[in-house]
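Read through the structure below, which is laid out as structure tokens, and then see the notes.
The values are calculated or read from the model by the stated rules, or taken from the named source; none is laboratory data. The structure presented is a predicted model; accordingly, all values stated were derived computationally and were not measured. Here Cβ is always computed from backbone atoms with ideal geometry, including for glycine, and neighbour counts include all displayed protein chains. Areas reflect the complete protein model, heavy atoms only, side chains present, ligands, DNA and RNA absent. Shrake-Rupley method; radii C 1.70, N 1.55, O 1.52, S 1.80 Å.
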Amino acid sequence: RGASKPVTLSFSFGEEETVDSVAPDGSMIVSARLVDAVGQGSAGTNQQTVDDMSLALDELKIQFKRQERGEVVAIAVSGLRKPLDESLARAVLNAIYGAQRGPLFPEGHVDVGSTWKTTMPIPSTAGFEGEVHYDYTYARKGGGVAVIGCEGRYEGKRPQGTAMQKLSGKSSAEYRFDLAAGRVIGSNVDQMTQVEGAIAGQQTLQLG
């Protein structure tokens, strides 16, 4: 009861990818895993839970398709263990790989400082109807590394009994690419999601 307080869990880990196959159109099937995960939580978080989550992240087995313009689709995950369930695992992996965001790259060549936009429906797995808007910026390039920034915002709704439940949120992300190798070498994603009209009132989830 009373005001809700967000809980933040922060994890650092390595990520290993293996390209299983490459299609003529440039899309590829990739197997991946997270390694050496270490976590910490905000005040009031049980450290044992954080440690168990780190171990669960280490044991995930991941496979996905990366299309030629950087869109990640069809994430398959196995090796789940508590306290990580499938819905949370997919939320984490979608954030890491930029899945369910549409194409990451624009159609043609762009220079540093260029911007482009993507609008798409909220993924059906979220259970809400609405739109997601992403604003991309080719932020900088140096040392063989290109950096793309992304600011996202979304709003949706769905019926809940006689009332209407509302979803809103925003995200901020940065993706770093090795230009010579043509692969992602790092990402940083912060996402805030708020649901209004839930049974317990207002709920806030922060992933960072």
Next on the checklist: Against the definition (farther than 19 Å from S114 by Cα, modelled with pLDDT under 85, polar (S, T, N, Q) and assigned to a strand (DSSP E or B)), how does S168 come out, yes or no?
Outcome noted: no
Checklist entry - Residues in the range 10-26 that are polar (S, T, N, Q), open to solvent by less than 60 Å² (accessible area, probe 1.4 Å) and at pLDDT below 90: how many? => result 1
Checklist outcome for this item: When every residue in the range 139-162 that is under 19 Å from the mean Cα position of the chain (by Cα) and of a type outside the set (G, A, S) is compared, the one farthest from D178 (Cα to Cα) is E155
Next on the checklist: Cβ-Cβ under 9 Å, sequence separation 6+ or interchain: first residue in the range 174-197 and closer than 30 Å to Q160 by Cβ and in a loop (DSSP other than H, G, I, E, B), partner modelled with pLDDT under 80 and open to solvent by 50 Å² or more (accessible area, probe 1.4 Å). Which pairs?
Outcome noted: none
Checklist entry - Applying the selection to the range 83-96, what residues are free of Cβ contacts under 8 Å to residues at least 40 places away in the same chain and open to solvent by less than 40 Å² (accessible area, probe 1.4 Å)? => result L84, A89, L93, N94
Next on the checklist: Go through (1) within 16 Å of K61 (Cβ to Cβ); (2) of a type in the set (A, V, I, L, M); (3) open to solvent by less than 30 Å² (accessible area, probe 1.4 Å) for L80 and report which single condition fails.
Outcome noted: (3)
Next on the checklist: Going residue by residue through the range 59-76, is there one that turns out to be touching a residue at least 12 places away in the same chain (Cβ under 8 Å), of a type in the set (D, E) and open to solvent by less than 50 Å² (accessible area, probe 1.4 Å)?
Outcome noted: yes
Item to check | Single unsatisfied condition, V30 versus (1) over 22 Å from D190 (Cα atoms); (2) open to solvent by 40 Å² or more (accessible area, probe 1.4 Å); (3) aliphatic (A, V, I, L, M) | outcome: (2)
